Amino acid sequence: MSVFPEARFLTSANTAAQFVPDVGSELAFAGRSNAGKSSAINTIVHRNQFARISKTPGRTQLVNFFVLDKEQRIVDLPGYGYAKVSTKMQNHWKSLMENYFSARQSLAGMFLIVDVRRGFGEFDEQMLAFGEALGITTHVLLTKADKMKRGPAAAQYQKTRAHLVGRATVQLFSSHNRQGLDEARGRLRELLDRHTN
Ligand code: GDP
């Protein structure tokens with residue numbers, strides 16, 4: 001049974017004009033390419049086809065909107081930090097992000113997906129800054145936790161938490177063994193429910 005039985009893909013946007021109407025509340029998912037963002041969305045929403053939609057050729061650089069329930073949405077933002085992207089694409093990404101973060105009254109918060117082995121980096125800092133400029137809450141998922149032994153994973157969690165104290169909350173997560181799933185779902189609900197637009 002899906003925890004979000006009504007969940008479905010809405011649309012992909014390449015410009016602000018293509019964003020869905022700015023009503024209700026939405027939670028943005030951001031992360032470096034390959035950090036595990038699509039897997040995290042699928043695991044949290046419990047919908048396998050979501051990843052495939054965002055991963056369709058041509059859609060990875062777009063803003064993908066999904067409805068969860070009535071006027072609550074999640075928004076899969078294009079991955080960043082991919083070395084082979086041209087300067088033109090990088091500039092397009094930046095202006096799309098600026099448009100997104102400046103336009104959305106319904107933005108309730110952000111989940112920032114970080115590969116636990118890589119740690120919180122420069123590009124993640126840039127995303128966090130977008131959220132901070134708007135005063136929205138960011139929650140960091142240190143994902144692929146199953147790929148690390150418990151001790152080093154806990155150390156990475158403590159280090160990241162100390163680094164981001166007062167700026168973002170942090171948790172360990174794994175799409176493969178579902179570690180941290182209840183906490184992530186709880187945080188998603190909390191952020192979406194407390195936002196009224
Ligand atoms: P995205 O580019 O950020 O959307 O990343 P994906 O969700 O497509 O994941 C990138 C790769 O990491 C894929 O090969 C996934 O199977 C793998 N992956 C994602 N999440 C996890 C996880 O929690 N644990 C492990 N072991 N692998 C993961």
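See the values below:
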{"read-out": "Listed residue pairs exceeding 28 Å between alpha carbons, taken from LYS70/LYS159; LYS37/LYS84; LYS88/LYS149; LYS84/LYS144", "value": "LYS70/LYS159; LYS88/LYS149"}
{"read-out": "Cα-Cα pairs of region 23-89 separated by more than 14 Å (percent)", "value": "58"}
{"read-out": "Rounded to 5, percent antiparallel among DSSP beta bridges of the chain", "value": "30"}
{"read-out": "The chain: translational diffusion in µm²/s, Stokes-Einstein, Kirkwood Rh over Cα pairs, 10 °C, 1.306 mPa s", "value": "95"}
{"read-out": "Hydrodynamic radius of region 112-197 per Kirkwood, over alpha carbon pairs, in Å", "value": "13.4"}
{"read-out": "Environment charge of GLY24, counting only residues whose C-beta is closer than 10 Å and scoring Lys/Arg +1, Asp/Glu -1", "value": "-2"}
{"read-out": "Euclidean distance of C-alpha centroids, region 98-128 and region 155-197, integer Å", "value": "13"}
{"read-out": "Residues in region 96-113 that a label on THR15 would reach, taking backbone N under 16 Å of a point 7 Å out along Cα→Cβ", "value": "96-100"}
{"read-out": "Approximate spin-label separation SER95-SER33, in nm, with each point projected 7 Å along Cα-to-Cβ", "value": "2.1"}
{"read-out": "Signed unit charges on C-beta, dipole axis of region 47-97, positive-most listed residue VAL75, PHE50, HIS92", "value": "HIS92"}
{"read-out": "Electrostatic dipole magnitude of region 13-129 [Cβ: Lys, Arg +1; Asp, Glu -1; Cα centre; debye, to 20]", "value": "480"}
{"read-out": "Antiparallel bridge percentage (DSSP; both residues within region 4-98; nearest 5)", "value": "60"}
{"read-out": "Among 16-22, 31-37, 189-195, 135-141, the order from most to least packed when residues are scored by Cβ within 10 Å on average", "value": "31-37, 135-141, 189-195, 16-22"}
{"read-out": "Value of relative contact order over the chain, rounded to a whole percent, pairs C-alpha under 8 Å and six or more apart", "value": "25"}
{"read-out": "Cβ-based net charge around GLU6, under 12 Å, with every Lys or Arg adding one and every Asp or Glu removing one", "value": "+2"}
{"read-out": "Relative contact order [Cα under 8 Å, 6+ residues apart], region 1-115, whole percent", "value": "42"}
{"read-out": "Cα-based equivalent ellipsoid, region 59-111: semi-axes from gyration tensor eigenvalues, Å", "value": "24, 12, 8"}
{"read-out": "Region 41-197, dipole about Cα centre (Lys/Arg Cβ +1, Asp/Glu Cβ -1), debye to the nearest 20", "value": "520"}
{"read-out": "Per-peptide average of other Cβ atoms within 10 Å, ordering 68-79, 165-176, 117-128, 87-98 highest first", "value": "68-79, 165-176, 117-128, 87-98"}
{"read-out": "Computed helical MRE - 222 nm, the chain, DSSP H runs ≥ 4 contributing -39500 (n - 2.57), nearest 500", "value": "-11500 deg cm²/dmol"}
{"read-out": "14 Å reach of a label modelled at ALA154, 7 Å along Cα-to-Cβ, counting backbone N of region 162-195", "value": "172"}
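Bear in mind these aren't lab numbers, they're just calculated from the coordinates by the rules spelled out. These numbers were taken from a predicted model, which means no experiment stands behind them. For neighbour counting, all protein chains shown are included, and Cβ atoms are generated from backbone atoms with ideal geometry for every residue, glycine included.
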